[in-house]
1. Multiply the residue separation of SER24 and GLN86 by 0.36 nm, subtract the distance between their alpha-carbon atoms, and state the gained length in nm to one decimal.
2. Expected output is a single nm value to one decimal: the length gained when fully extending between ASP220 and ASP69, i.e. 0.36 nm times separation in residues minus the C-alpha distance. What is it?
3. Restricting to DSSP H runs of at least four residues, report the calculated mean residue ellipticity at 222 nm for the chain, -39500 (n - 2.57) per run over all residues, nearest 500 deg cm²/dmol.
4. Can you give the FRET efficiency to the nearest 0.05 for ALA144 and VAL122, using r as the Cβ-Cβ distance and R₀ = 30 Å?
5. Would you work out which of MET231, ILE248, THR66 lies farthest towards the positive end of the dipole of the chain, given +1 charges on the beta-carbon of Lys and Arg and -1 on that of Asp and Glu, about the Cα centre?
6. Kindly put ARG213, ARG233 in sequence by how many other C-beta atoms sit within 10 Å of each C-beta, fewest to most.
7. Using only the Cα atoms, what convex hull volume per residue in Å³ does region 90-168 have?
8. So how much slack lies between GLU131 and ARG213, counting 0.36 nm per residue of separation and subtracting their Cα-Cα distance, in nm?
Amino acid sequence: MSDYLSATGLEVSFGGLRALQDCSFTVERGRITCLVGPNGAGKTTIFNVITGFLRPDAGTVSFQGTPLDGMKPQAIVAAGIARTFQNLRLFVDLTALDNVVVALPSQTGEEPLAAIFRPLHVARAQTRHREEAMQILQHVGLAARAGEFVRNLSYGEQKLLTVARGLATGAELLLLDEPASGLSASALDQIMDLLRRLQTEGKTLLVVEHNTRVVQQIADEVLFLHQGHLMARGTPEQIISDPALAEIYFGGVI
Ligand SMILES: Nc1ncnc2c1ncn2[C@@H]1O[C@H](COP(=O)(O)OP(=O)(O)O)[C@@H](O)[C@H]1O
Ligand SMILES: [Mg+2]
């Protein structure tokens, strides 16, 4: 009933490597859930399965009670789940604004001949899209950089832009793959502030994160993944203070 997103018995193998094994977990609506675990634990693979980029060998993912099995990535976005990628996947030769415009749902299914037969209608729609995209950039703190090409943005700004693109889809569940990695202290504060703000606005966030300070500051709940299996779940304090998990995560170096 409280299961907003639920994954049950996920199995994914790449050749002989079992990336996910009997992996089950839930994410509750309105929360920030952090997905943690050592490199190679299967965190990105979970995102790929949820968002339809990868079919699991077994198991199922349900969103608000509806199984997502077999749905294409675009249909899953339309159902309300958007993601960002660890390697950003932005259009580096487009402006920040255009990167958001192309993520708006109204961009898909546009009639190809409309530009010829209904030019005024199309021009108005384009103006509306640009205004909408501008509001989203404002929301993430990038309004002043709207006209800048992505390749000229700082890494922190590019990370904010990936979140803006997720917001543009209108999705209420956002899956963010390492949104804080590689950021300076001030960029880190900016993204944490944004994630908390999104939560108060009603978004649900599932966030892959390595930085324990970030996890402590933003997570309501932590899922600890090890060798493709959900090993523990709890509050940040419970997870971080567990010596057995610290041993797995840090190899006993803390
Ligand atoms: N497309 C793929 N082909 C082969 N192996 C993969 C592929 N994607 C992931 N893996 C492997 O699956 C395991 C889990 O990867 P991943 O989900 O990216 O881990 P994480 O994001 O937790 O670091 C790793 O051992 C990785 O090398
Ligand atoms: Mg990963």
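Where a number appears in this text, it was derived from the coordinates with a stated rule and is not lab data. Since we're looking at a predicted model, the values are computed, not measured. Quick reminder, even Gly has a Cβ in these numbers, built from the backbone with ideal geometry, and neighbours come from all protein chains shown.
1. 20.1 nm
2. 51.6 nm
3. So the calculated ellipticity at 222 nm is -11000 deg cm²/dmol.
4. 0.60
5. So the residue we want is THR66.
6. Ordered by Cβ neighbours within 10 Å, fewest first: ARG213, ARG233.
7. It comes to 84 Å³ per residue, whole-number rounded.
8. Between GLU131 and ARG213, full extension yields an extra 25.9 nm.
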